[in-house]
Amino acid sequence: MAVESHRTPSKISNASSAAFSIFELVTVLAIIGVALLVSVGAFGPWGAYWKAKGARRAVCNALRETRSVALAQNRYAAFCYGNVATNEPVEKFAYTAYVFTNEAVDLEAKYKGVENPPGFEDGYQDAPWRFLPDGVTVAHFVNGEPVPAQECLILFRPDGTALSPYSADYATASNRTHTIGFRTRTRFQTQNKQTEPIYLPVVIDLDTGRVRTD
């Protein structure tokens, strides 16, 4: 009799524990659901950041490859970037590289102070057009201000130094760099209650042709 009375509460206790576990599971699932909704809302800006960061890494590598070709082949090589036409209704931002077959061609005389790149009749395309992910906005900086990046060309000399169309007076220019920015998100300015874009920069040092991220 004592044994039977001992078993009965035990069964009731087990049933109560099982019921409590189900309630606990439902509560945990509800918390996870709320957390997922919050994280999806926060993913937008961070997704844009990682997209821009990946695009910047790809362009950095391509710039360094172009400079390496100029050094290795003792020729002028050009890194070309901008919006190009596609089969889709909109243009996409893309980049490629050109190598010039005639080392004696006076590219620099045609190039200095000209925003539109010179023709490529003396060169050949060294790489296919490579497209950046959708949603990545790119600008180059002129006098410290971002300008929407239309077609532009960075010319690497055979010695590895570089030339940008935005440093026409190269001999006396104080800022001998060319900066490309990859827009990631915006910053709110409390003073004038406006927003300004935040860019991840790629900087080409024109004196050396080396590429860095600041």
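Points worth noting:
- When the range 154-168 is filtered for residues that are modelled with pLDDT of 85 or more and touching a Gly at 6+ places or on another chain (Cβ under 7 Å), the ones remaining, listed by number, are PHE156, GLY160, THR161, ALA162.
- Residue that is modelled with the lowest pLDDT, among those in the range 120-144 that are of a type in the set (A, V, I, L, M, F, W, C), out of contact with any Ser or Thr (no Cβ under 7 Å at 6 or more places or on another chain) and closer than 16 Å to TYR199 by Cα: VAL142
- Cβ-Cβ under 7 Å pairs, at least 6 apart or on other chains, the range 44-56 side under 15 Å from PRO201 (Cβ atoms), far side modelled with pLDDT of 85 or more and surrounded by fewer than 14 Cβ atoms within 10 Å (Cβ to Cβ): ARG56/THR213
- Residue in the range 98-119 that is modelled with pLDDT under 85 and basic (Lys, Arg) present: yes
- Flag for GLU151 being closer than 16 Å to PHE79 by Cβ, surrounded by fewer than 18 Cβ atoms within 10 Å (Cβ to Cβ), over 16 Å from the mean Cα position of the chain (by Cα) and at pLDDT below 80: yes
- Of the residues making up the range 169-187, those that are at pLDDT 70 or above and in a strand (DSSP E or B) are THR177, HIS178, THR179, ILE180, GLY181, PHE182, ARG183, THR184, ARG185, THR186.
The values are calculated or read from the model by the stated rules, or taken from the named source; none is laboratory data. Since the model is a prediction, treat every value here as computed from it, not as a measurement. Virtual Cβ from ideal backbone geometry, glycine too; neighbours counted across all protein chains shown.
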